[in-house]
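Remarks on the structure that follows.
Only the coordinates and a few stated rules stand behind these numbers; no lab work does. Since the model is a prediction, treat every value here as computed from it, not as a measurement. Quick reminder, even Gly has a Cβ in these numbers, built from the backbone with ideal geometry, and neighbours come from all protein chains shown.
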Amino acid sequence: MSIRNMPRWRTLLIGGALAGAGALSIGAADNYFEISKNLEIFNELYKELNIYYVDDTSPGKLMKTGIDAMLGSLDPYTNFIPESDIEDYRFMTTGQYGGIGALIRRKDDKVYISEPYEGFPSAKAGIWAGDEIYKVDGREVRGMDTDEVSKLLKGQAGTTVEVTMLRGDAAPMEYSLTREEIKIPDVPYKGFLDADSTVGYIKLNSFTQTASHEVRTAFKELKDHGMQRLVFDLRGNGGGLLREAVNIVNLFVPKGELVVETKGRIAEWDKTYRTLSEPLDTEMPMVVLVDGGSASASEIVSGALQDLDRAVILGERTFGKGLV
């Protein structure tokens, strides 16, 4: 007899027996039954809609709508990342993506190149800041937002994208660009407040896999050049990898300090994060800048440094992410 056709009382009885053996509780068996029943209902409905609905349907779009509605009833940070968005996810965690190497911006209904990165496909092809992106692979992009255009321009390194650009009143310019692997630095700027200052400044834009290494390198370089105080800028930093947040705190506080704890439904998955290495510096005065765009890992870093009396927090109320 399949579990689908098994009487419910028997399912509960088996669950109770196994619970006595320490393997499964009645509650777990009940949940399993509910999951199985509802999956069967969903499968039947999904099949009926795709076969018999009066208009043609897209199975993929129907499934995405169902997934979005299900996750939309939960917290705002539980997301499904489809295969088509894998480049965006890779960029979020590594700072790397396959693309043409340019910043873009939207004005009115047009999208422009705001900065071609030196040494990458857009700059090497002769594309200028201010050029309008008119078409991508033959598709006109006027009216699209920057996210839509960005997805068209991104892709696997080594693949080709055809781009039509407009520059002033000149004739449209056609470019065949081969995408390259592009790495956006987590620390885009480091330096001193002025030429005679001993106050160093480090701007951290994100928490990818190289964030703590980049902050460490920037800090050591500034300290070697006479830095005596540090301004650490986390404004607009929406977060990233938790482990990197802990590693950055570890640069400034002693080994063994509690930074953050994670707790969830499954107690065995709860984790305590402590500093594991010897710090770079525990004495240099620090100010951490934050604003409404400082979220998640940024809030962990700033909060930990403040709670451990290692830094002063300055700026605006942070984003306030309830789940990190």
ask   = Pick from GLY95, GLY238, GLY130: which residue has the top mean-square fluctuation in a GNM of the chain where Cα pairs under 10 Å get a spring?
value = GLY130
task = Taking 7 Å along the Cα-to-C-beta vector as the label spot, tell me the TYR32-GLU174 distance in nanometres, rounded to one decimal.
result = 6.2 nm
Set LYS154/LYS321; LYS151/LYS271; LYS61/LYS321 screened for pairs whose C-alpha atoms are more than 32 Å apart = LYS151/LYS271
remark   = Highest GNM mean-square fluctuation among ARG142, ARG235, ARG265, for the chain with Cα springs under 10 Å, belongs to ARG265
inquiry  = Relative contact order for the chain: what percent, with Cα pairs under 8 Å and sequence separation of 6 or more?
reply    = 10 percent
Phi to ³J(HN,Hα) by Karplus 6.51 cos²θ - 1.76 cosθ + 1.60 over the range 135-149, Hz, x for Gly, Pro = 9, 10, 6, x, 9, 5, 10, 4, x, 7, 8, 5, 5, 5, 5
query = So who's got an amide H within less than 5 Å of the one on VAL259, skipping anything under 5 residues away but keeping other chains? H placed 1.01 Å off N, in plane.
reply = TYR273, ARG274, THR275
task = Would you mind counting up the charge near ARG317? Only other residues with Cβ under 11 Å from its Cβ, with Lys and Arg at +1 and Asp and Glu at -1.
result = -3
ask   = Cα gyration tensor of the chain, axes a ≥ b ≥ c as square roots of the eigenvalues: rounded (a/c below 1.5), prolate (a/b > b/c) or oblate?
value = oblate
inquiry  = Under the rule of at least 5 residues apart or a separate chain, name every residue whose amide H is placed under 5 Å from the amide H of GLU115.
reply    = LEU103
ask   = So what's the net charge close to SER298: Lys and Arg +1, Asp and Glu -1, counting the other residues with Cβ under 14 Å from its Cβ?
value = -2
task = Calculate the length of the line joining the C-alpha centroid of the range 175-204 to that of the range 274-314, in whole Å.
result = 20 Å
inquiry  = For a quick check of your reading of the filter: which GluC sites (Glu not before Pro) in the range 219-324 sit in a DSSP loop and have no more than 10 other Cβ atoms within 10 Å?
reply    = GLU283
note = Among ASP186, ASP30, ASP131, the residue with the largest mean-square fluctuation in a Gaussian network model of the chain built from Cα contacts under 10 Å is ASP30
query = Looking at SER114, VAL54, SER277, which one has the Cα that reaches farthest to the positive end of the dipole of the chain (charges on Cβ: Lys, Arg +1; Asp, Glu -1)?
reply = SER277
key: Percent of Cα pairs exceeding the 16 Å cut-off, where the set is the range 97-138   = 33 percent
ask   = Are there GluC sites (Glu not before Pro) in the range 73-178 that DSSP puts in a loop and that have at most 10 other Cβ atoms within 10 Å, and which ones?
value = GLU118
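What's the FRET efficiency of TYR53 with GLU83 using the Cβ-Cβ distance as r and R₀ = 41 Å, to the nearest 0.05?
For R0 = 41 Å, the calculated efficiency reads 0.95.
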message = Based only on Cα atoms, what mean projected area does the convex hull of the range 189-315 have, in nm²?
response = 7.9 nm²
note = Long-range alpha-carbon pairs in the range 62-113, meaning those over 19 Å apart, account in percent for 53 percent
message = What does the net charge come to around PRO188 if you take all other residues with beta carbon closer than 15 Å to its beta carbon, with K and R at +1 and D and E at -1?
response = -2
query = For the chain, what is the calculated [θ] at 222 nm in deg cm²/dmol (nearest 500), taking -39500 (n - 2.57) for each run of four or more DSSP H residues and dividing by its residue count?
reply = -10500 deg cm²/dmol
